[in-house]
Number of protein chains: 2
Amino acid sequence: MSRARGAGPADGGANDRPNRPTSRDVADRAGVSQATVSLVLRDRWHGRVSPGRAESVREAARALGYRPNLAARSLRLGQRRTALLVVPALTTEFFARVHSGAARMAAEHDIGVVLYPSPGGVGPAPDPFASASATVDGVIASSMAAEALTGLRDGGLPLVMLDSEPGLAPAVATVNPDIADGMRQVCAHLLRLGHRDVGHLAAAVDTWTFHARARVLAESLAGAGSARLVATEHSGLTVREATAAAERALRASPRPTALVCDDDVLAAGACKAARRMGLRVPQDLSVTGIDDLVLAAAVEPELTTVRLPAEEMGAAGLTALLSVLGGREAGNTLLPVELVCRGSTAAPPHVPGAASGR
Amino acid sequence: MSRARGAGPADGGANDRPNRPTSRDVADRAGVSQATVSLVLRDRWHGRVSPGRAESVREAARALGYRPNLAARSLRLGQRRTALLVVPALTTEFFARVHSGAARMAAEHDIGVVLYPSPGGVGPAPDPFASASATVDGVIASSMAAEALTGLRDGGLPLVMLDSEPGLAPAVATVNPDIADGMRQVCAHLLRLGHRDVGHLAAAVDTWTFHARARVLAESLAGAGSARLVATEHSGLTVREATAAAERALRASPRPTALVCDDDVLAAGACKAARRMGLRVPQDLSVTGIDDLVLAAAVEPELTTVRLPAEEMGAAGLTALLSVLGGREAGNTLLPVELVCRGSTAAPPHVPGAASGR
DNA sequence: ATGTCGAGGTACTACGTATAACCGCCGTGA
DNA sequence: TCACGGCGGTTATACGTAGTACCTCGACAT
């Protein structure tokens, strides 16, 4: 074994990689074989290696700052464990939280998560599979990033969809927040306050989730006899676009006394529009959001909103992926949501008897 | 070569991994050797492989959906290229944007980025180096995640610090927004509006950046003769804490007519506090933030704030890392910032002659 | 005295890719 | 006709880790 490693003093060029120590280096230092090092460090040595040697191996590993090379480890059959998380734009707080949940769960199972922010931003979109999928065992993707998934099918990778219709494809697991329940809670809340004329500020995103929201909202209102949907406006996901859309909605007649928004950012825009039109929130107009972002508690008044379990969605996505990776049936997970009542909802004008929004 | 692969029909157990095709499979299909496949697909075949064969190799690769296994590739000497991005909490819009920038730049250079959200959230913090550093070539870390870096030094990995004092450690590159310039612009803006008594709502984070902000703010005000810092309150990074801290600051005497906040979230909290105390923003109190988050344009009034180039910081961090990886000196990058004047600043009360905030 | 057994460890090989080294074949010039 | 060079590939090997098969040696039972 004459391999000359980084130990040599005054190595010539400046670009000499500081070659990380390998298990062989640890073995040399501890006076054992490489195999023994592997056994000890993988905790498979019980009854195979004497405790004294085991300790000296660990000692040597510590002294050298040895870390096993995951690439090499993953090379061994089927050991590679990496999930690809495809989200539309990580710059969004919501998806950042989804990632956070997935990452935490992944850490517990000692698997990696690599992110692919799908196109939509500026610049050329890198091909997620050219660079990443090689080491990827499965994909967790938001339906909002669906266009990035075109090249996926032939890959044959296990797939978990977030915010996507359950049962569309047999092999695809889904993870969804129980948005139907959320919408029903919102409607119940608004009806209890006395609202009858409700508007919907919908996200102009062609996604099952958003279609589902609209459908459930319409159904819930229709089911309540007295209430009705008097306006539906579509908007992009920025405050500016939302403000414009909300102004359109508020010019409907009869004017809605409550605006259900598909997103907290939209709700913030709606509040802005209301103020601009001389309406007070919540006295003249109630507004509800979805997500419960930081923003929801920062605006004035604070938003009544449906808290979506973003972290849990990430975690559940990873769990689902592990499940199909383990050969089990692709399941559909439904996560509970929670209505957070804050200051942006109250009884409509001219209905003084109803309960307070808070 | 009798290796039985996934092609067999009706393989027994359900858990049979759908073994991704390897370069050898492509070679078999194309009727060439594995080496030839590698040559063709790595574009090193000019003059070594006939165009016809090259095409049939590509054809076979396409048919099989072949993707090279990066882990195996990286096994070959020094080929691994992965950066570890250590941030305090990805759930924060700012760091999500930093990651986005880093990821985009990384994609251009065909290197990977793996995230390590440093402890601070709930649950046990996974050891970043036990799971990740093995395959990591360098680290980009926010100074807000400094506590996660304790185990790093002995690793001997190249390090790039975001938001950290330049020149502290010789081998460490730094990337900073030019916050000094930002603070000077804020001060100039406020002074031009006629403010004299300024308060500082500081982030209670023990970080060089925040110390630097306080220092530059004090200096800028002191340099302007007539102005002075009348209150400094420290706050956590949530709206709730910021509101409480801002209320304390607004009880100082003389009461500040402008509140400079270290963060947009803090600024939102300050606005909330002002409203609660019967003060109008911006007529009675001007408020400025830092970051230019989505939130800044969502609150009412919209925040005058210093836009920090989050994406650029991520990109610059990656560039810096590549630079030291390439053997060059560790440099210090300073990124320009921009004052975004919106509705939360105006002339102070009793100074009617000054220019408008917008 | 010798066979047996288990503890304690080593040799070897697979994993998938990249590349250096090599090698046959065919056209060509002497 | 034959040596030769280069074209068009192949063979072999390294990379770092995990794990299996094997090997050795001492203790103990027979």
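A few points about this structure:
- Lone unmet requirement of (1) modelled with pLDDT under 80; (2) out of contact with any strand residue (DSSP E or B) (no Cβ under 8 Å at 6 or more places or on another chain) for A:A188: (1)
This table checks each residue for (1) under 29 Å from the mean Cα position of the chain (by Cα); (2) modelled with pLDDT of 95 or more.
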site	(1), (2)
A:G236	yes, no
A:V239	yes, no
A:A246	yes, yes
A:A252	no, no
A:C261	yes, yes
A:A268	yes, yes
A:R276	no, no
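- Selection of segment A:41-54 for residues being open to solvent by less than 50 Å² (accessible area, probe 1.4 Å) and either more than 9 Å from DNA strand C (Cβ to nearest atom) or not in a helix (DSSP H, G or I) (or both) yields A:W45, A:V49.
Condition check ((1) more than 23 Å from B:G278 (Cβ to Cβ); (2) in contact with a Gly (Cβ under 8 Å, 6 or more places away or on another chain); (3) of a type outside the set (F, W, Y)) across all residues:
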residue: B:P177; (1), (2), (3): yes, no, yes
residue: B:G182; (1), (2), (3): yes, no, yes
residue: B:C187; (1), (2), (3): yes, no, yes
residue: B:L193; (1), (2), (3): no, yes, yes
residue: B:V260; (1), (2), (3): no, yes, yes
residue: B:D263; (1), (2), (3): yes, yes, yes
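- Which numbered condition A:E300 misses (of (1) at pLDDT below 95; (2) in contact with a His (Cβ under 6 Å, 6 or more places away or on another chain)): (2)
- Residue within segment B:170-177 that is assigned by TED's automatic domain parsing to the domain that holds B:P88 and surrounded by fewer than 16 Cβ atoms within 10 Å (Cβ to Cβ) present: yes
- Entry remark, segment A:293-320: residues being within 17 Å of the chain's Cα centre (by Cα) and open to solvent by 10 Å² or more (accessible area, probe 1.4 Å) number 10 in total.
- Flag for A:G182 being farther than 24 Å from A:T333 by Cβ and crowded, with 20+ Cβ neighbours inside 10 Å: no
- Criterion (assigned by TED's automatic domain parsing to the domain that holds A:R248 and surrounded by 20 or more Cβ atoms within 10 Å (Cβ to Cβ)) met by exactly one of A:H211, A:H195: A:H195
- Boolean, B:G317 is under 23 Å from B:V205 (Cβ atoms) and not assigned by TED's automatic domain parsing to the domain that holds B:H200: yes
- Residues that are modelled with pLDDT under 80 and within 7 Å of chain B (Cβ to nearest Cβ), drawn from segment A:96-120: A:A107, A:D110, A:G112, A:V114, A:L115, A:P117
- Top-ranked residue in segment B:243-292 [being in contact (Cβ under 8 Å) with a residue 40 or more places away in the chain and of a type in the set (S, T, Y); ranked as surrounded by the most Cβ atoms within 10 Å (Cβ to Cβ)]: B:T288
- In the set (1) at the interface with another protein chain (Cβ under 10 Å from one of its Cβ atoms); (2) closer than 18 Å to B:E93 by Cα, A:C271 fails one condition alone, (2).
- Which listed residue is more than 23 Å from A:E93 (Cα to Cα), of a type outside the set (F, W, Y) and touching a strand residue (DSSP E or B) at 6+ places or on another chain (Cβ under 9 Å), from A:T257, A:T319: A:T257
- Counted residues, segment B:28-40 - those being within 9 Å of DNA strand C (Cβ to nearest atom) and in a loop (DSSP other than H, G, I, E, B): 1
- Residue identified as over 29 Å from the mean Cα position of the chain (by Cα), acidic (D, E) and at pLDDT 70 or above among B:E93, B:E55: B:E55
The values are calculated or read from the model by the stated rules, or taken from the named source; none is laboratory data. From a predicted model like this one, the values you see are computed outputs, not experimental measurements. A quick note on method: Cβ atoms are made from the backbone with ideal geometry, for glycine too, and the neighbour counts reach across all protein chains shown. All accessible areas refer to the heavy atoms of the entire protein, side chains included, with ligands and DNA or RNA removed. Shrake-Rupley method; radii C 1.70, N 1.55, O 1.52, S 1.80 Å.
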